[in-house]
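The structure under discussion appears below in the form of structure tokens.
The values are calculated or read from the model by the stated rules, or taken from the named source; none is laboratory data. Please read all numbers here as calculations on a predicted model, not as lab measurements. Counting neighbours? That spans all protein chains shown, and the Cβs are built from the backbone with ideal geometry, glycine included. For accessibility, only protein heavy atoms count, side chains too; no ligands or nucleic acids. Shrake-Rupley method; radii C 1.70, N 1.55, O 1.52, S 1.80 Å.
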Amino acid sequence: MTDWNIENRGKLRGEIEVPGDKSITHRSVILGAVSTGDTMVSKWLFADDVLRTIKAFQQLGVEVEIGDTLRIHGRGKRWLHASAEALDLGNSGTGIRLMSGIVSGMPFESTLTGDETLQKRPMKRVMEPLSLMGARIQAVEGGYPPLKIRGGELKGIDYTLPVASAQVKSAILLASLYAQGKTRIVEPAYSRDHTERMLAYFGAEIFRDGLAIEMECGQNLYSQMIDVPGDISSAAFFIVAGLTVPGSRITVKNVGINPTRSGVIDALKKMGALIDIQNLRSASGEPVADIYVYAQDLKGAEISGDLIPRLIDEIPVLCVAAAMAEGTTVIRNAKELRVKESDRIKSTSEELRKMGAHIEELEDGMVIEGSRNLKGAEVYSHKDHRVAMSLAVASLAAKGRTRINSVEWVETSFPGFLKKLTSLVA
Ligand code: S3P
């Protein structure tokens, strides 16, 4: 177990880049592996979650060269063969749910598993639509990993998602590559659309009409060059640190600002932040920009409704911003937080409370009375990378020293996070 000791040492200054987007890197590996030709992925996220997805495809027979640029030797979607060993997706919900979609198309049995936290995460949400498409899936009672999936002979479905989940939507779209007929998915609200964008980038025809997505099943994909933008979910820690540590002025360059992901910027603007987005450009079908932030007084705001899926992973760090704001912040309609890497409503509230924040838990969110009065304390990551990094941001804005226990989980998404954060201390 690793701990961090962090002390507020004053303002943050400088210009940084954050590692590549996790969602986009996963999809690059997956689509590259099932398309024809060599896919090259630059600025990809070198972190445990992604390495697990790569390893899973290697077990299924795909050749992947790991270097500064990732090179995936795709031989078409039917090339994969059965793996004797289980596919172990580690901590990654995206890995296991998207891979479920792929192996549902395979005419053999695969076992998908993960670490102790992944084994507690709900899989019924993918089992239901994939079974309707024709896959045969067994899980631990209650719908938990390991999953045994026997695929093949799939048909397209017309499916309304019960929750706005990009992982479920993506599992269905990926399985549809192996199915017959047509798939139509209706989302209750916009969730991240990287899979749809990347399927189109790899040559598939896919259509959106409001909250509905349609595609003809059985389409083939062709390899591409992908330049992965910086992950806005990782940038969010620096953006909130830049806003809340007095006297700070920082720039995060080359960040993906896809509108289905950039809710954190909208929420912070609602809280009164002036955030400057410059140099807007496009990379491999995704919008990218540089983000300029300086410390400001924030005020409480309501964060709810359709905004939630657009910032779901940033809520722990938004709670830090709310604790450092003036007035009340109410977060609602975020029940999904209860089934992330930890129950983030509980874990974030419990730990920020130890640092002096006034947070009340709701069934589907929290109410935070801002006090700008955080103090150092001994806190715990709850084995959740984003909780650990949010607490690190809170530590920089707090008085005194903070010790964060069990921070090794940060390796799943952001190796080198603390070094980057402290490199900004002016
Ligand atoms: C992700 C989708 C989201 C998000 C997760 C990554 C993805 O999960 O929380 O970190 O890459 O598709 P849900 O689909 O469960 O909302």
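Computed from the mean reciprocal separation of all distinct C-alpha pairs, what Kirkwood hydrodynamic radius does the range 165-320 have, in Å?
Computed over the range 165-320, the radius equals 17.0 Å.
Taking the dipole about the Cα centre of the range 204-268, with the C-beta of Lys and Arg at +1 and of Asp and Glu at -1, give me whichever of 224, 246, 212 is farthest to the positive side.
Of the listed residues, the answer is 246.
Running a GNM on the chain with Cα contacts under 10 Å, which residue among 111, 160, 402 ends up with the highest mean-square fluctuation?
The residue with the greatest mean-square fluctuation here is 160.
Could you tell me what % of all Cα pairs in the range 54-155 have separations over 19 Å?
41
When a/c reaches 1.5 or more, the comparison of a/b and b/c decides; with that in mind, is the range 125-178 rounded, prolate or oblate per its Cα gyration tensor? Each step should come with its number before you reach the end.
Numbers: a/c = 1.93, a/b = 1.13, b/c = 1.70.
Taking the square roots of the gyration eigenvalues as a ≥ b ≥ c, the range 125-178 is oblate.
Could you let me know the centre-to-centre spacing of the range 41-56 and the range 304-351, using Cα atoms, in angstrom?
27
Quick one: if the Förster radius is 25 Å, what FRET efficiency do residue 220 and residue 82 give, using the C-beta to C-beta distance and rounding to 0.05? Numbers along the way, then the final one.
Values: r = 22 Å, r/R0 = 0.87.
Working from the Cβ atoms, E equals 0.70.
Share of the range 125-171's accessible area from carbon and sulfur, percent, 1.4 Å?
In the range 125-171, the share of accessible area belonging to carbon and sulfur is 48 percent.
From the P(r) of the range 124-251, could you give the percentage of C-alpha pairs in the tail past 19 Å?
Details: 4729 of 8128 pairs.
The proportion of pairs with Cα distances above 19 Å equals 58 percent.
Using the Kirkwood radius over Cα pairs, work out the Stokes-Einstein diffusion coefficient for the range 1-101 at 37 °C and 0.692 mPa s, in µm²/s as a whole number.
Details: Rh = 15.1 Å.
Answer from the Stokes-Einstein relation: 217 µm²/s.
By per-residue mean of other Cβ atoms within 10 Å, what is the highest-first order of 74-80, 101-107, 124-130?
Descending mean neighbour count gives 101-107, 124-130, 74-80.
For the Cα atoms of the chain, what angle does the longest principal axis make with the long axis of helix 93-103, in degrees from 0 to 90, nearest 10?
Around 10 degrees separate the two axes.
Past 22 Å, Cα to Cα: identify those pairs from 43/346; 120/335; 383/419; 11/399, in the order given.
43/346
Quote the Stokes-Einstein diffusion coefficient, in whole µm² s⁻¹, for the range 161-200, based on the Kirkwood radius over alpha carbon pairs, a temperature of 20 °C and a viscosity of 1.002 mPa s.
This corresponds to a translational diffusion coefficient of 203 µm²/s.
Between residue 399 and residue 209, what is 0.36 nm times their sequence separation minus the Cα-Cα distance? Round to one decimal in nm.
Gain on stretching residue 399 to residue 209: 63.4 nm.
Run the numbers for residue 353 and residue 75: contour at 0.36 nm per residue of separation, minus the present Cα-Cα distance, in nm.
94.9 nm is the gain from fully extending residue 353 to residue 75.
Would you please state which residues of the range 123-161 a label at residue 108 would reach in this model, taking the label point 7 Å out along Cα→Cβ and a backbone N cut-off of under 20 Å?
Flagged as within label range: 135-138, 147-154.
Could you give the accessible area per residue of the range 327-426, probe 1.4 Å, as a whole number in Å²?
37
Whole number please: convex hull volume per residue of the Cα set in the chain, in Å³?
Per-residue hull volume (Cα only) is 118 Å³.
When DSSP beta bridges are limited to those with both residues in the chain, what percentage is antiparallel, rounded to the nearest 5?
Percent antiparallel among DSSP bridges in the chain is about 70.
Could you tell me how many degrees, from 0 to 90 and to the nearest 10, lie between the Cα long axis of helix 232-244 and the main elongation axis, the longest principal axis, of the Cα atoms of the chain?
Helix 232-244 and the main axis of the chain meet at about 10 degrees.
Angle, helix 124-133 long axis vs. longest principal axis of the chain, Cα atoms, 0 to 90°, nearest 10?
Helix 124-133 and the main axis of the chain meet at about 20 degrees.
Nearest 500 deg cm²/dmol is fine: what mean residue ellipticity at 222 nm does the chain get from its DSSP H runs of n ≥ 4 alone, each adding -39,500 (n - 2.57), divided by its residue count? Numbers along the way, then the final one.
Numbers: 12 runs with 124 residues, N = 426.
Result for the chain, helices only: -8500 deg cm²/dmol.
Which of rounded, prolate, oblate describes the range 276-315, given a ≥ b ≥ c as roots of the alpha-carbon gyration tensor eigenvalues and a/c under 1.5 marking rounded, otherwise prolate only if a/b is larger than b/c?
oblate
Probe radius 1.4 Å, ligands and nucleic acids ignored: give me the carbon and sulfur share of the accessible area of the range 315-426 as a rounded percent.
49
List the residues, sorted by chain then number, that are 5 or more residues from residue 158 or on another chain and whose placed amide H is less than 5 Å from its amide H.
When sequence neighbours closer than 5 places are left aside, the close amide H contacts are 184.
With a 1.4 Å probe and every protein chain kept in, tell me what percent of the accessible surface of the range 229-291 is carbon plus sulfur.
52
Is the range 267-426 rounded, prolate or oblate when judged by the Cα gyration tensor, a ≥ b ≥ c being the square roots of its eigenvalues, rounded requiring a/c under 1.5 and prolate requiring a/b larger than b/c?
Judged from the Cα gyration tensor, the range 267-426 comes out rounded (a/c under 1.5).
Given a Förster radius of 56 Å and the C-beta distance between residue 375 and residue 132 as r, what FRET efficiency does 1/(1 + (r/R0)^6) yield to the nearest 0.05?
Here the calculated transfer efficiency is 0.60.
Which of these, 161, 112, 12, has the largest mean-square fluctuation under a Gaussian network model of the chain (Cα springs below 10 Å)?
161
What distance in nm lies between label points placed 7 Å from Cα along the C-beta direction at residue 116 and residue 280?
A separation of 4.6 nm, rounded to one decimal place.
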